[in-house]
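S.K.: Handing you this structure, nothing more for now.
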Amino acid sequence: MSMERAKAHLQKKGFLDRVIEPEVQTATVAEAAAALGCAESHIAKTLSFYDGEDSAILILAAGDAKIDNRKFKDKFGRKAKMLAAEDVEPMTGHAIGGVCPFGVNDGVQIYCDESLKRFDYVYPAAGNAHSGVKLTCEELFGAADALEWIDVCKGWE
């Protein structure tokens, strides 16, 4: 179901032909990079956080970036608290390993981190643990219906 939602979203945005479905798993940054033939830093991982009690924030960040707790708190006014495993699918619409910004549940806020902007192309997941999508950063921002570019990561500079 999750993959179908992501594909339907990508089709509306004109990027369905960019979906890659390798035979091997892409659930982790390392697996995705190996399967998609790119550096780990080029994987646009989707990090999921609580925004209050019943809504989620998704942050797309480079595969080599980590959340900077101070920057996160400065931006969102709360401590960075990742979604618990049992909350990921009900809150985002996608299961762990395939969380992506395409076809998410209503109310999910999506942001792109500046760590991605150094690449010509990045590869987010497409709704399951055997998928990716090759997009430029601006294509990703538009396809994801992202709210804004933010700077909440460290370790990639």
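The values are calculated or read from the model by the stated rules, or taken from the named source; none is laboratory data. Every value quoted in this text rests on a predicted model; they were computed, and no experiment measured them. Cβ coordinates were reconstructed from backbone atoms using ideal geometry, including for glycine residues, and neighbour counts include every protein chain displayed. Protein only, heavy atoms only, side chains kept; ligands, DNA and RNA dropped before computing areas. Shrake-Rupley method; radii C 1.70, N 1.55, O 1.52, S 1.80 Å.
S.K.: If the requirement is being in a loop (DSSP other than H, G, I, E, B) and open to solvent by less than 10 Å² (accessible area, probe 1.4 Å), which of these qualifies: PHE119, PHE102, PHE72?
M.R.: Answer to the selection: PHE102.
S.K.: Still on this structure: Which one of these is in contact with a helix residue (DSSP H, G or I) (Cβ under 8 Å, 6 or more places away or on another chain), under 18 Å from THR136 (Cβ atoms) and buried (at least 17 other Cβ atoms within 10 Å of the Cβ): ALA39, ALA44?
M.R.: Exactly one residue qualifies, and that residue is ALA44.
S.K.: Would it be correct to say that VAL104 is closer than 26 Å to ASN69 by Cβ and in contact with a Leu (Cβ under 6 Å, 6 or more places away or on another chain)? Walk me through how you get there before you give the answer.
M.R.: Values: closer than 26 Å to ASN69 by Cβ: yes; in contact with a Leu (Cβ under 6 Å, 6 or more places away or on another chain): no.
It is false that VAL104 is closer than 26 Å to ASN69 by Cβ and in contact with a Leu (Cβ under 6 Å, 6 or more places away or on another chain).
S.K.: I'm checking my understanding of the structure. Among residues of the range 4-25 that are closer than 13 Å to PRO124 by Cβ and either modelled with pLDDT under 95 or assigned to a strand (DSSP E or B) (or both), which one is most open to solvent (accessible area, probe 1.4 Å)?
M.R.: Result: ILE20.
S.K.: Further, regarding this structure: When the residues of the range 47-58 are narrowed to those that are of a type in the set (D, E, K, R) and touching a residue at least 24 places away in the same chain (Cβ under 8 Å), which ends up least open to solvent (accessible area, probe 1.4 Å)? Before the answer, list the steps.
M.R.: Taking the range 47-58 as the starting set, the residues that turn out to be of a type in the set (D, E, K, R) are 51, 53-54.
Keeping just the survivors that are touching a residue at least 24 places away in the same chain (Cβ under 8 Å) gives 51, 54.
Details: ASP51: 34, ASP54: 136 Å².
By that ranking, first place goes to ASP51.
S.K.: A further question on this structure: Condition first: in contact (Cβ under 8 Å) with a residue 60 or more places away in the chain, surrounded by 17 or more Cβ atoms within 10 Å (Cβ to Cβ) and under 20 Å from VAL122 (Cα atoms). Now tell me which residues in the range 86-99 satisfy that.
M.R.: HIS94, GLY97, GLY98
S.K.: Would you mind telling me which numbered condition in (1) open to solvent by 30 Å² or more (accessible area, probe 1.4 Å); (2) under 22 Å from GLY142 (Cα atoms) ALA61 fails?
M.R.: Here ALA61 clears every test but (1).
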